Amino acid sequence: MTVLVFLDPAFPAGRVADASAPALMATDQGATRGDGIFESMLAVNAKPRKVQAHLDRLASSARAMDLDIPAAADWQLAIGTALGAFAKAAGTESGEVVVKLIATRGVEGANRATTWVQASAPSPVGEAQRRDGVDVLLLDRGYDSSVAERAPWLLLGAKTLSYAVNMAALRHAHAQGADDVIFTSSDGRVLEGPTSSVLLAHVQDDGGVPIKRLITPALDSGILPGTTQGALFAAAKAAGWELGYGPVLPADLMDADAVWLISSIRLLAPVNTIDGTEIGTAEVRTELTAELTALLDAALAATE
Ligand SMILES: Cc1ncc(COP(=O)(O)O)c(C=O)c1O
């Protein structure tokens with residue numbers, strides 16, 4: 001089941017559209033050029049999580065590509081309409097719903113963005129990845145880690161609709177029997193997954209006192225600033241973890257006590273192997289994943 005709500009000045013709370021009928025012009029530049037932006041957020045029991053962080057990143061992606069989009073308040077109203085319609089159709093408010101915000105450059109020649117909210121049920125893959133972990137391949141993205149600043153037209157820090165490359169990387173991994181991908185830069189830095197941020201943990205024993213460090217690649221290396229990574233870092237810091245921002249090398253991942261892929265819908269998925277090599281031990285991965293998942297759940301619930 002999918003619910004669509006278009007942002008439309010004639011409908012202040014958004015216009016609900018029949019998701020089984022055509023709703024987009026064939027000349028929309030989102031379809032013809034992948035020229036647009038999006039956000040994916042999780043709603044739990046009809047309440048969207050970290051909605052402000054997603055609206056802030058949507059606005060920042062829009063600025064990066066000179067796209068004029070509706071104000072945050074209009075998106076908020078449409079999100080409420082979509083979640084209300086989804087709960088009504090499902091007969092319940094309980095459970096997880098994926099809420100996507102989408103803005104394209106609109107129909108050719110119209111000079112007006114096409115914008116809508118989509119609510120749908122999550123695929124079972126995210127839950128399985130949280131529970132069972134993932135096997136990952138390291139793949140070269142082909143850009144160096146300073147290209148984002150040098151070539152802003154690559155839109156590397158923006159969440160654009162042009163995800164064909166990311167999907168191709170995932171298909172490549174699946175064809176090799178892996179579940180997911182961690183991209184590296186051409187100068188050998190760890191970047192991000194095609195739909196996730198990368199985290200790693202080191203735990204040291206300092207005379208009986210564990211020192212726990214959580215590390216993620218530097219945000220200026222041409223990656224998307226992850227809203228889930230941001231929420232977890234704030235919570236982990238408050239719980240006494242030390243935090244670090246890359247540069248991260250592939251060897252750092254291999255040496256880590258645990259590595260995760262983290263994103264809004266899948267949440268925290270432990271990486272079992274990278275290129276066939278086990279990361280840490282199953283026991284430590286399970287223990288650290290449980291600890292960080294509890295911190296993340298509490299942090300996300302506080303953003304509802
Ligand atoms: C390329 C990329 N990096 C990172 C993320 C994680 O971002 P968030 O935690 O905000 O979902 C995503 C999410 O889809 C992504 O597509």
Next on the checklist: Run the reach check for Lys237 against lysines, Cα to Cα strictly under 27 Å, same-chain hits fewer than 8 apart removed. What comes back?
Outcome noted: Lys47, Lys50, Lys159, Lys212
Checklist entry - Nearest 10 degrees, 0 to 90: what angle lies between the long axis of helix 164-175 and the longest principal axis of the chain (Cα atoms)? => result 50
Next on the checklist: Through the Karplus equation 6.51 cos²θ - 1.76 cosθ + 1.60, θ set to phi - 60°, convert the phi angles of segment 36-51 into ³J(HN,Hα) values in whole Hz; use x for Gly and Pro.
Outcome noted: x, 9, 8, 9, 10, 10, 9, 10, 10, 6, 6, 10, x, 9, 6, 4
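Only four residue types carry charge here, +1 at the Cβ of Lys and Arg and -1 at the Cβ of Asp and Glu. Report the dipole size of segment 2-122 about the Cα centre in Debye, rounded to the nearest 20.
Charge dipole, segment 2-122, about its Cα centre: 240 debye, nearest 20.
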Checklist entry - By average Cβ neighbour count within 10 Å, what is the ranking of 156-164, 38-46, 85-93 from highest down? => result 38-46, 156-164, 85-93
Checklist outcome for this item: Plugging the Cβ-Cβ distance of Glu149 and Ala239 into 1/(1 + (r/R0)^6) at R0 = 51 Å yields, to the nearest 0.05, a FRET efficiency of 0.95
Item to check | segment 237-293 - convex hull of alpha carbons, volume per residue in Å³ | outcome: 104
Item to check | Area of Asp220 that stays accessible when all protein chains are in place (1.4 Å probe, Å², to 10) | outcome: 120
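How many percent of all Cα-Cα pairs in segment 2-122 sit more than 19 Å apart?
Considering segment 2-122, 45 percent of its Cα-Cα pairs are separated by more than 19 Å.
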Checklist entry - In degrees, nearest 10, range 0 to 90: what is the angle between the Cα axis of helix 227-238 and the longest Cα principal axis of the chain? => result 50
Checklist outcome for this item: Inter-part gap, Cα centre of segment 254-271 to Cα centre of segment 123-170, in whole angstrom, is 14
Item to check | Around Ser221: net Lys/Arg minus Asp/Glu count, Cβ-Cβ under 13 Å | outcome: -2
Item to check | Qualifying trypsin sites (Lys or Arg not before Pro) in segment 99-151, DSSP loop, other Cβ atoms within 10 Å at most 15 | outcome: Arg112
Checklist entry - How many Å² of accessible area per residue for the chain, probe 1.4 Å? => result 47
Next on the checklist: Stokes-Einstein diffusion coefficient for segment 181-304 at 37 °C in a medium of 0.692 mPa s, Rh from the Kirkwood formula over Cα pairs: what value in µm²/s?
Outcome noted: 225
Next on the checklist: Relative contact order for segment 126-301: what percent, with Cα pairs under 8 Å and sequence separation of 6 or more?
Outcome noted: 27
Checklist outcome for this item: Normalised Cα Rg of segment 52-145, dividing by 2.2 N^0.38 Å with N its residue count, works out at 1.41
Checklist entry - Dipole magnitude of segment 126-301 about its Cα centre, charges +1 at Lys/Arg Cβ and -1 at Asp/Glu Cβ only, in debye to the nearest 20? => result 620
Checklist entry - Could you state the per residue volume, in Å³, of the convex hull enclosing the Cα atoms of segment 106-208? => result 209
Checklist entry - Taking the Cα atoms only, what angle lies between the long axis of helix 72-90 and the longest principal axis of the chain, rounded to 10 degrees? => result 90
Next on the checklist: At 0.36 nm per residue, and after removing the present C-alpha to C-alpha distance, how many nm does the segment from Arg33 to Ala110 gain when stretched out fully?
Outcome noted: 26.2 nm
Next on the checklist: What is the percent carbon and sulfur in the accessible area of the chain, measuring with a 1.4 Å probe over the protein chains and ignoring ligands?
Outcome noted: 54
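Ranking request for peptides 252-263, 172-183: highest mean number of other beta-carbon atoms within 10 Å first, then the rest in descending order. Don't skip to the end; give the middle numbers.
On the way: 252-263: 22.0, 172-183: 18.2.
Going from most to least packed, we get 252-263, 172-183.
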Checklist entry - What does the helix-only formula give at 222 nm for the chain: each DSSP H stretch with n ≥ 4 adding -39500 (n - 2.57), the total divided by the residues, and the result rounded to the nearest 500 deg cm²/dmol? => result -10000 deg cm²/dmol
Item to check | For the chain: Kirkwood Rh in Å [reciprocal of mean 1/r, alpha carbons] | outcome: 20.2
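The values are calculated or read from the model by the stated rules, or taken from the named source; none is laboratory data. In this text the structure is predicted, and so the values were computed from the model without any measurement. Counting neighbours? That spans all protein chains shown, and the Cβs are built from the backbone with ideal geometry, glycine included. Ligands, DNA and RNA are excluded from the accessible area calculation, which covers all protein heavy atoms including side chains. Shrake-Rupley method; radii C 1.70, N 1.55, O 1.52, S 1.80 Å.
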